[in-house]
Every structure is written in structure tokens, then in C-alpha cells.
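Since the structure comes first, as C-alpha cells, the remarks are kept for the end.
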Amino acid sequence: MRYTAKLLAVEFALAPTQIGIVYSSFLLSNALFTMPGDQLADWLEPKKSLTLMGFGAAVFTALTAWGGTPGLGSWIGVLPAFAAIRFVMGIRTSFLYPACGRMCPNWIAPAYLGRVQGIIIGG
């Protein structure tokens, strides 16, 4: 388990399978909403969509702290709170790769497109 997952598991008494649910909720929503995110990235253009994605990721990263017991976790439970926050965060970040794919040909010279896309996907 990752260090952060260990800390969450200890602090909120979550089993490794429950930590897996939290992490998987992000991946599931990201996979489900990548194609609609692609449409959104085309509609908003890369610069605006990447800006929205960056602010959305920052907001939902901050909201993750609210998923604990003094916050939303007190009302609906820690596991559903973390899973819901991570699910919505996955939706907000689902258009990252389509927007980057659209941005690169606009801003990067053709000789460097492969290298830049490799860095983006590798990151």
C-alpha cells in the first residue's frame, strides 16, 4: 500500500479493500467520462478546459480533507464520502488527456509532438 493509503487506513480504520474502492472510484469515473470530456475539451478549447481541470483538481483535492470525520464523513460515512469525492474528481480530470492531445499540435512544433505527448502521458 502507498504511504498515503496506509495513513488513511490507520486514521479512519479502513481495510485495504476499502482503500481500493476509494482509488477505483476515481479511475472508474475517469474512464467513463473521458469521451464526454473529449467533447467538452473540443467545445471549450484546450486552454479553457485545462484551466477548468486544474482548478477542479485543486478544489477536489482540498475537499478530500472534508471527507473525514469532522466533515462529510460524519454524515454519510468515511468510505462513501471519500469515494464520492474521488469519483467527482475523476469526472473533473477526465478531459486532461484529450485537451492535452488537442493543445499539443496548436502550441508545439511537429518535430517535438511525440516527445511532449510522451512526457504528458508519462507524468
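The values are calculated or read from the model by the stated rules, or taken from the named source; none is laboratory data. If you're wondering where the values come from, they're calculated on a predicted model, not measured in any experiment. Here the Cβ is made from the backbone with ideal geometry for all residues, glycine too, and neighbour counts use every protein chain on show. Remember, those area values only see protein heavy atoms, side chains included, never the ligands or the DNA or RNA. Shrake-Rupley method; radii C 1.70, N 1.55, O 1.52, S 1.80 Å.
Numbers below:
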{"read-out": "Residue with peak Gaussian network fluctuation, the chain [Cα springs, cutoff 10 Å], from Ser94, Ser24, Ser49", "value": "Ser24"}
{"read-out": "Net charge, Ala62 excluded, C-beta distance under 14 Å - Lys, Arg +1, Asp, Glu -1", "value": "+2"}
{"read-out": "Accessible area of the chain belonging to carbon and sulfur atoms, whole % at 1.4 Å probe", "value": "69"}
{"read-out": "Charged-residue dipole, Cβ positions (Lys, Arg, Asp, Glu), the chain about Cα centre, Debye nearest 20", "value": "180"}
{"read-out": "Per residue solvent-accessible surface (Å²) - the chain, probe of 1.4 Å", "value": "62"}
{"read-out": "Relative contact order of the chain, defined on C-alpha pairs under 8 angstrom at six or more residues apart (%)", "value": "33"}
{"read-out": "Nitroxide proxy distance, nm - points 7 Å out along Cα→Cβ at Ile76 and Ser24", "value": "1.9"}
{"read-out": "Cα long-axis angle, helix 46-64 against the chain (0 to 90 degrees, to the nearest 10)", "value": "10"}
{"read-out": "Relative contact order computed over the range 47-99 (Cα-Cα under 8 Å; 6+ residues apart), in percent", "value": "45"}
